[in-house]
1. What angle, in degrees between 0 and 90 and rounded to the nearest 10, separates the Cα long axis of helix 141-153 from the longest principal axis of the Cα atoms of the chain?
2. Using 0.36 nm per residue of separation minus the Cα-Cα distance, give me the extension gain between Q280 and Q205 in nm, one decimal.
3. With label points built 7 Å along Cα→Cβ from the Cα atoms of A86 and I64, find their separation and express it in nm.
4. Counting other C-beta atoms within 10 Å, and keeping those with at most 10, which DSSP coil GluC sites (Glu not before Pro) do you find in region 97-202?
5. Could you order peptides 336-349, 228-241 by the average number of other Cβ atoms within 10 Å of their residues, highest first?
6. At a 10 angstrom cut-off on C-beta neighbours, averaged per residue, how do the peptides 306-313, 290-297 rank from highest to lowest?
7. Take the alpha-carbon centre of region 89-104, take the same for region 243-282, and report the distance between them in whole Å.
8. Give the shape of region 54-193 as rounded, prolate or oblate, defined through the alpha-carbon gyration tensor: a ≥ b ≥ c are the square roots of its eigenvalues, a/c under 1.5 means rounded, and otherwise the shape is prolate if a/b is larger than b/c and oblate if not.
Amino acid sequence: MQIDQIELYHAALKLKHPFITSLGWRDHANNVFVRIRTKEGIDGWGECSPYPPINGETVDTCFIIGKLLAQSLMGTNPLELDQASAAMDKTIYGNTSIKSAMDIALHDIAAKEKEQPLYQFLGGAIKKPIYTDYTVSVSSVEQMVADASLIKEKGFPVMKVKLGDGGKKDVERIRAIREAVGYDIKIRIDANQGWDVAEAIEALQALEPYDIQYCEEPISRHEYPRLKEVRKHSTVPIMADESVSDHHDAEKLIRQDLCDMINIKLGKSSGLVKAQKIIQKAEKGGIPMQIGGFLESRILFTANCHLAHTSDMVQYFDFDSPLFMEEDPILGGMEYQPDWEIKLPDSPGLGLSVREEMLNKFRSEIFR
């Protein structure tokens, strides 16, 4: 089998409401869709949502680096997944977003060639239900309470609350949200590196009465060794996110006992090849995992769902981003159930495609 065409599309997808974290404000998901075609007629789809504050990439850089990666992959065997990942790393350092989109598309092809759903191709099996959370953007107390109340009304089992905009203000936000929604819905929080160490300790101690499931990345990823200090003084479990990109980062944090949990994102890990290596490290260390994303569509989150079915230690699921978008460009793939469980099709690969009428609207570039 041989790759003979790679297509990149700029999928500018308008959000229903602005998405706000301690790192910034967005009203569009500016994503890159990748389609890889083989001479044998098998296509594979991938996606990334480059985000400069996290991975240092934009749509424009993805198109530029995508051309280099396409040159390194053209004519190669798409079934040689480890070799493809190594070839992309040899071509250029970093650029994990666009590498992940290529990697996902190659996995889609490989699973289709075996006529297996991706989870089965990866050695997994569907043995657990997967339910998504839904995110409350950081805002005024009043707005966040209103958003949290609506999430509860819609029946989500878990809400994720974005914080990191001042420790004392963040405690007030959670206090008000708990008063509004009660304690029969789980709350997890994400500071997105927004606190300093002392502030994180103070805030997490003050949040103890509010039954917080865990806190993602409370402090700057550059100060990751001090996660141990934060963790020592907090009864709220600590999940590493921005401080863990690939399996090398995971091994470092696990070896130094710096976190209780790890959040895997394919846009950080460069795709499924390295994400599976993170899972192996975490399983060996007895570390539970979450799988999440940036602002991708159902292409990426379908891949996430397949990956989640490969390990019992993947126990948390942050799969809500496709719900933020005004239009859904995807046919097939994962489906949200009325109770927010997510189910996968039995189709080979990812089991999805992109609506041609939407593809025709996107800026594109084709490499042959």
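1. Its long axis makes an angle of about 60 degrees.
2. Residue separation times 0.36 nm, minus the Cα-Cα distance, leaves 23.8 nm.
3. A separation of 2.9 nm, rounded to one decimal place.
4. none
5. Packing proxy ranking, top to bottom: 228-241, 336-349.
6. So the order, starting with the most tightly packed, is 290-297, 306-313.
7. Cα centroid to Cα centroid, the span is 16 Å.
8. Since a/c reaches 1.5 but b/c is at least a/b, the shape of region 54-193 is classed as oblate.
Values quoted throughout were computed directly from the atomic coordinates according to the rules given, and no laboratory measurement underlies them. If you're wondering where the values come from, they're calculated on a predicted model, not measured in any experiment. Glycine gets a Cβ as well: all are built from the backbone with ideal geometry, and neighbour counts include every protein chain shown.
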